[in-house]
Amino acid sequence: MELSANETPGLVCAHHHLYSALARGMPAPPRTPTSFIEILELVWWRLDRALDLAMLEWSAKLAALEALESGCTAIIDHHESPNAIEGSLSVLADACDEVGVRLNTAYGVTDRHGPDGATAGLAENDRFLSDGGRGMVGVHAAFTCTDDTLVAAAELAARHGVGVHIHVAEGPDDIGAVERLAGLATDSWLLIHGVHLPDDHGLAGTIVHNPRSNMNNAVGYARPTRFANPIALGTDGIGAAMLDEFALAYVKQREHEVTASPDAAWSWLTTGWDLFPEARHDRVAWSYEPIDPWRLAFTTGVRALDVDIDGQPALRNGVATRVDADEIRAKATEQAARLFAALDEMET
Ligand SMILES: [Zn+2]
């Protein structure tokens, strides 16, 4: 595809959580989390329990719209909604389809809600993939799963010819992941975060670096350059503005290594096209030119003007063409109010 000086293919977010788009403005947790595990327990694991399919539909539409408006045309999503598992991946896929954004999704299996919860999560991955859905098999993280569940997820993924999408060593609580995933992980797996992985961990797969999320959760710096694995960039649910995430990845690296250039972080961004090759067929015209890592690392507020997905318009002058952006924002606001009310009523 011929690209002009202000154009790129569609950008790829290699790790997103469409379910978290309504979280902004949510009620404060019952007490202030003081560690990564408490952030999970008091914020995210309460939020995911409160989700129903109507909330998911509009959360996904809002997240997909924001991705499109940021020039991201392909999202690799990791989903959890333990009280609305069955059918959830199709709700997300339909929402992205309506907006026009490409989606690869997976249900994050976990034993946090007992063996029935893990079984239902595996079944949802199996159902979605069997129905022809574009996805992977999701696992929340090794530290919330039994060995049997990890093996079942790996086997299900192999049966469908896809990889496993799993959080790995995001915080110190998951340090045992290396031993437990050894022998299971393959090149098609996505290992999310890897902050606390040893340099020579030996796990196969692409490591997805999420610098903003890692800083927000105070889990430390992953130092992706120390790994032999391919590295890609994700947002971990904080939007899908991949040029922003690239610039952050660069400056975070630079903080630790004064000789670092933006080329490494740019290469992590481009790994997204190995994971989601169809995005190369999409075209984004940006508000800045030329597209060059050394310039974009120091240029704030670059906007996607026009986006074509598979040759068809999806954004013109920054406005979505296939959906009514105002309606999506209004409906998402209504569903966020329902979500916040449910969180207010939750005991713990
Ligand atoms: Zn995540």
Subject >> Qualifying positions in region 182-220 - small (Gly, Ala, Ser) and away from the ligand (no atom under 16 Å from the Cβ) >> reply: Ala182, Gly183, Ala185, Ser188, Gly202, Ala204
Original post:
Quick one: what pairs do we get from region 329-348, first residue more than 13 Å from Asp52 (Cα to Cα) and surrounded by 12 or more Cβ atoms within 10 Å (Cβ to Cβ), second β-branched (Val, Ile, Thr) and at pLDDT 95 or above, C-beta under 8 Å, 6+ apart or different chains?
Top reply: none
Subject >> strands (runs of 3 or more DSSP E) (entirely within region 243-348) containing at least 3 residues that are closer than 28 Å to Met136 by Cα >> reply: 304-309, 312-316
**OP:** Report yes if Ser81 is polar (S, T, N, Q), outside any strand (DSSP E or B) and closer than 25 Å to Lys331 by Cβ, otherwise no.
**Re:** yes
Original post:
Can you tell me which residues in region 157-173 are within 16 Å of the ligand (Cβ to nearest atom) and at pLDDT below 95?
Top reply: Asp173
Original post:
Got a sec? Which of Arg280, Arg223, Arg254 is closer than 21 Å to Ile76 by Cα, away from the ligand (no atom under 16 Å from the Cβ) and either free of Cβ contacts under 8 Å to residues at least 24 places away in the same chain or basic (Lys, Arg) (or both)?
Top reply: Arg280
Original post:
Looking only at residues in region 176-220 that are outside any strand (DSSP E or B) and touching a residue at least 60 places away in the same chain (Cβ under 8 Å), which one is farthest from Thr34 (Cα to Cα)?
Top reply: Asn210
Subject >> Residue among Gly301, Gly311 that alone is on the phi > 0 side of the Ramachandran plot, touching a residue at least 24 places away in the same chain (Cβ under 8 Å) and more than 21 Å from the chain's Cα centre (by Cα) >> reply: Gly311
Original post:
Just wondering, is there one or more residues in region 257-277 that are loosely packed, with under 15 Cβ neighbours inside 10 Å, aliphatic (A, V, I, L, M), more than 16 Å from the ligand (Cβ to nearest atom) and at pLDDT 95 or above?
Top reply: yes
**OP:** Just name the residue that is farthest from Lys61 (Cα to Cα) out of those in region 91-107 that are in contact with a helix residue (DSSP H, G or I) (Cβ under 7 Å, 6 or more places away or on another chain) and in a strand (DSSP E or B).
**Re:** Tyr107
Original post:
Only one of these conditions is not met by Asp344: (1) at pLDDT 95 or above; (2) closer than 29 Å to His167 by Cα; (3) more than 18 Å from the chain's Cα centre (by Cα); (4) among the acidic types (Asp, Glu). Which number is it?
Top reply: (1)
**OP:** Pick out the one residue from Ala23, Ala60, Ala5 that is surrounded by fewer than 24 Cβ atoms within 10 Å (Cβ to Cβ), within 16 Å of the ligand (Cβ to nearest atom) and either assigned to a helix (DSSP H, G or I) or aliphatic (A, V, I, L, M) (or both).
**Re:** Ala23
**OP:** Report the residue count in region 118-172 for those that are within 14 Å of Glu86 (Cα to Cα) and surrounded by fewer than 18 Cβ atoms within 10 Å (Cβ to Cβ).
**Re:** 7
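The values are calculated or read from the model by the stated rules, or taken from the named source; none is laboratory data. No experiment lies behind these values; they were computed from the predicted model shown. Neighbour counts run over all protein chains shown; Cβ positions are idealised from the backbone, glycine included.
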